[in-house]
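Q: Okay, here's the structure, questions in a sec.
The values are calculated or read from the model by the stated rules, or taken from the named source; none is laboratory data. Note that the coordinates shown come from a computational prediction; the quantities given were computed from them, not determined experimentally. A quick note on method: Cβ atoms are made from the backbone with ideal geometry, for glycine too, and the neighbour counts reach across all protein chains shown. These accessible areas exclude ligands, DNA and RNA; they are computed on the full protein's heavy atoms, side chains included. Shrake-Rupley method; radii C 1.70, N 1.55, O 1.52, S 1.80 Å.
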Amino acid sequence: MNMKLSFRWYGEDDPVSLEYISQIPGMRSIVSAVYDCKPGEVWSEESLDRIKRNCEEHGLIFDVVESVPVHEDIKLGRGEVDTLLQNYCENIRRCAKAGVKCITYNFMPVFDWTRTQLDKAAPDGSTSLVMYWEQMKGLDPLHDDIHLPGWDSSYTQSEVRELIAAYGTLGEEGLWRNLERFLKTVVPVAEECGVKLAIHPDDPPYPIFGLPRIITCEENLDRMLSIVDSPSNCLCLCTGSLGCAKSNDVTAMVKKYAAMNRIAFMHIRNVKIMEDGSFEERAHLSSCGSLDIYEIVKSLTDAGYDGYVRPDHGRMIWGETGRPGYGLFDRALGAAYLNGLFEACEKRKEA
Ligand code: DNO
C-alpha cells in the first residue's frame, strides 16, 4: 500500500506496548514524542534515540512526531520569542537526525482539544469522548475554576485567566501574525532537513470561551498554506476535528489538499454531529457517524496519497482501561478497517 500506516504511542509509560502495536497487520510507523521536557525546551538526542531504538526492536519505524508543542509565548508573540523559535528549529533538526520525516503541532491557544466528557457510555457499553453543549453552558473560565477533561492541568487558575485575557487582546489577526512569524522561521529549517511540518486543526474548529481559533475551515487552511508555499508547510488533516463542524465538507477538503500535495498526515476517525452541534466520537466505520470514511479514503487513493495515516481516537471497548481515546482495541479495529478500505480503493484504481 502507498499510505504509511502509523499508531500513536505515548512512550514507555503507555499501557499499550510496542509489542502489541507491532502485532497489528500492516503497522509501519510510530507516532510519538519526547515527554520528559516542557514546551519550549530542546529535546535531548538521547531521548530521541531511545524512542528510535525501542521502535526498531519491534520492527517499527519512528518517523512521525506528535507533537513538538508550540510555547504559548510564540502564539502570543511575547517574552523570549526568538529563543523559543530557535529552540523549535533545533528540535526539528534533532528529530530529523533521528529519522523523523513528519512533525505535527497545533496553534490552539491555551488548550488542545476540548470535550465535556471522556467516558460517555453508549447503549452497547462502550465509552467514548463527547462534547455536549448542554454540559458547556454556563461555564466561564474567567470566573469559575473549571477543569475540562483533556486540558493542561499544569496551569493554575490564575495563569489560565491571564492567558485568556492575553489572547482576548491579541485576537484572531494577532494570532495569524504570530503564526506567520512562526512559519517563516521554522518551515525553511524543516525544508532543509527534509521534514514535513503538519499543523493539526483546532478541535473543535470554532472559538471556545472567546479564545481565538484560526485553523478551522477551508478558507483559513488556504490562508495558512499560502503563508509559506513550501512542500514542508503541510496539514495534519484530522477528519474528526474538522468534521465536527457541519459547515466543513471534509471529503472535499481531503480531495483538494491531497491534490495539492499538502497533506503530510491523516488522522482518521468518525464523529456523530447532533442537532445542536454537540458531537460524539464514534467507531471508525462510516455508518457509525456523520463522516463517509470510504469517500475520504477513496479521495486519498485517487490522489495517490503516500503520506502517513493513523487511526485516530477509539472508543474504550472490551473492558479496556487506559488513556481515553488511546486504548489498543478500538484503534486496532480502526487500523484493520482502514487497511481494508485502502486495499480495496487502491486495487480498484489499478484495475
Ligand atoms: C488529540 C490529538 C491532538 C494532537 C495535537 C497536535 O488526540 O489529535 O492532541 O496531538 O493537537 O499538536
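Q: Between 327, 322, which is open to solvent by 10 Å² or more (accessible area, probe 1.4 Å), in a loop (DSSP other than H, G, I, E, B) and closer than 18 Å to residue 9 by Cα?
A: Details: 327 fails: open to solvent by 10 Å² or more (accessible area, probe 1.4 Å).
Checking each option against the conditions leaves just 322.
Q: Go through (1) touching a Lys or Arg at 6+ places or on another chain (Cβ under 7 Å); (2) among the aliphatic types (A, V, I, L, M); (3) not in a loop (DSSP other than H, G, I, E, B) one by one and return the number of the condition residue 142 breaks.
A: With (1) touching a Lys or Arg at 6+ places or on another chain (Cβ under 7 Å); (2) among the aliphatic types (A, V, I, L, M); (3) not in a loop (DSSP other than H, G, I, E, B) applied to residue 142, the lone miss is (3).
Q: Going through 104, 83 one at a time, which residue ends up being more than 22 Å from residue 277 (Cβ to Cβ), β-branched (Val, Ile, Thr) and out of contact with any Asp or Glu (no Cβ under 9 Å at 6 or more places or on another chain)?
A: Step by step, each of 104, 83 is checked, and only 83 is more than 22 Å from residue 277 (Cβ to Cβ), β-branched (Val, Ile, Thr) and out of contact with any Asp or Glu (no Cβ under 9 Å at 6 or more places or on another chain).
Q: Which one of these does residue 285 not meet: (1) under 17 Å from the mean Cα position of the chain (by Cα); (2) more than 15 Å from the ligand (Cβ to nearest atom); (3) of a type outside the set (Phe, Trp, Tyr)?
A: Against the list (1) under 17 Å from the mean Cα position of the chain (by Cα); (2) more than 15 Å from the ligand (Cβ to nearest atom); (3) of a type outside the set (Phe, Trp, Tyr), residue 285 comes up short only on (1).
Q: Got a sec? Which of 162, 180 is out of contact with any Leu (no Cβ under 7 Å at 6 or more places or on another chain), at pLDDT 95 or above and away from the ligand (no atom under 15 Å from the Cβ)?
A: On the way: 162 fails: at pLDDT 95 or above.
Of 162, 180, the one residue that is out of contact with any Leu (no Cβ under 7 Å at 6 or more places or on another chain), at pLDDT 95 or above and away from the ligand (no atom under 15 Å from the Cβ) is 180.
Q: Sticking with this one: Could you please tell me which pairs satisfy a Cβ distance under 8 Å, a separation of 6+ or placement on different chains, a first residue in the range 87-113 that is under 26 Å from residue 217 (Cα atoms) and among the acidic types (Asp, Glu), and a second residue that is outside any helix (DSSP H, G or I) and within 12 Å of the ligand (Cβ to nearest atom)?
A: 112/106; 112/150; 112/151; 112/152; 112/203
Q: Among the listed residues 194, 210, identify the single one that is at positive phi and at pLDDT 95 or above.
A: 194
Q: Run residue 133 past the list (1) at pLDDT below 90; (2) of a type in the set (Phe, Trp, Tyr); (3) open to solvent by 60 Å² or more (accessible area, probe 1.4 Å) and report the number of the one that doesn't hold.
A: Result: residue 133 fails condition (1) only.
Q: List, please: which pairs have Cβ atoms under 6 Å, are six or more places apart or on different chains, and start with a residue in the range 261-284 that is more than 19 Å from residue 124 (Cα to Cα) and of a type outside the set (Lys, Arg) and end with one that is open to solvent by 20 Å² or more (accessible area, probe 1.4 Å) and in a strand (DSSP E or B)?
A: The qualifying pairs are 264/196.
Q: Step by step: first the residues of the range 51-106, then only those that are among the small types (Gly, Ala, Ser) and either within 13 Å of the ligand (Cβ to nearest atom) or open to solvent by 10 Å² or more (accessible area, probe 1.4 Å) (or both), then the one that is nearest to residue 180 (Cα to Cα). Which residue is that?
A: Top of the filtered list is 77.
Q: On the given criteria, is residue 15 over 21 Å from residue 264 (Cβ atoms) and assigned to a loop (DSSP other than H, G, I, E, B)?
A: Values: over 21 Å from residue 264 (Cβ atoms): yes; assigned to a loop (DSSP other than H, G, I, E, B): yes.
Spelling it out, residue 15 is indeed over 21 Å from residue 264 (Cβ atoms) and assigned to a loop (DSSP other than H, G, I, E, B).
Q: Considering only the range 25-79, state which residues are of a type outside the set (A, V, I, L, M, F, W, C), over 27 Å from residue 166 (Cβ atoms) and in a loop (DSSP other than H, G, I, E, B). Give the steps one after another, and end with the answer.
A: First pass over the range 25-79, keeping only residues of a type outside the set (A, V, I, L, M, F, W, C): 25-26, 28-29, 32, 35-36, 38-41, 44-47, 49-50, 52-54, 56-59, 63, 66-67, 69, 71-73, 75, 77-79.
This time we only want the ones that are over 27 Å from residue 166 (Cβ atoms), so: 25-26, 28-29, 32, 36, 44-47, 49-50, 52-54, 56-59, 63.
Matches in the range 25-79: 25, 26, 28, 36, 44, 58, 59.
Q: Would you confirm whether any residue within the range 286-294 is open to solvent by less than 30 Å² (accessible area, probe 1.4 Å), closer than 30 Å to residue 222 by Cα and modelled with pLDDT under 95?
A: No: the range 286-294 contains no residue that is open to solvent by less than 30 Å² (accessible area, probe 1.4 Å), closer than 30 Å to residue 222 by Cα and modelled with pLDDT under 95.
Q: What pairs come up if the first residue lies in the range 294-312 and is on the phi < 0 side of the Ramachandran plot, the second is within 16 Å of the ligand (Cβ to nearest atom) and aromatic (Phe, Trp, Tyr), and their beta carbons are under 7 Å apart, counting only those six or more places apart or on different chains?
A: Every condition considered, the pairs that remain are 307/265; 308/265; 310/7.
Q: Please verify whether residue 34 is open to solvent by less than 20 Å² (accessible area, probe 1.4 Å), more than 18 Å from residue 334 (Cβ to Cβ) and modelled with pLDDT of 95 or more, treating the condition exactly as stated. Give the steps one after another, and end with the answer.
A: Numbers: open to solvent by less than 20 Å² (accessible area, probe 1.4 Å): yes; more than 18 Å from residue 334 (Cβ to Cβ): yes; modelled with pLDDT of 95 or more: yes.
Yes: the conditions hold for residue 34.
Q: Follow-up. Among 119, 145, 140, 112, which is within 20 Å of residue 235 (Cα to Cα) and at pLDDT below 95?
A: 112
Q: When both residues are 6+ apart or on different chains and their Cβ atoms are under 6 Å apart, which pairs have a first residue that lies in the range 114-139 and is under 13 Å from residue 330 (Cβ atoms), and a second that is open to solvent by 70 Å² or more (accessible area, probe 1.4 Å)?
A: 127/119
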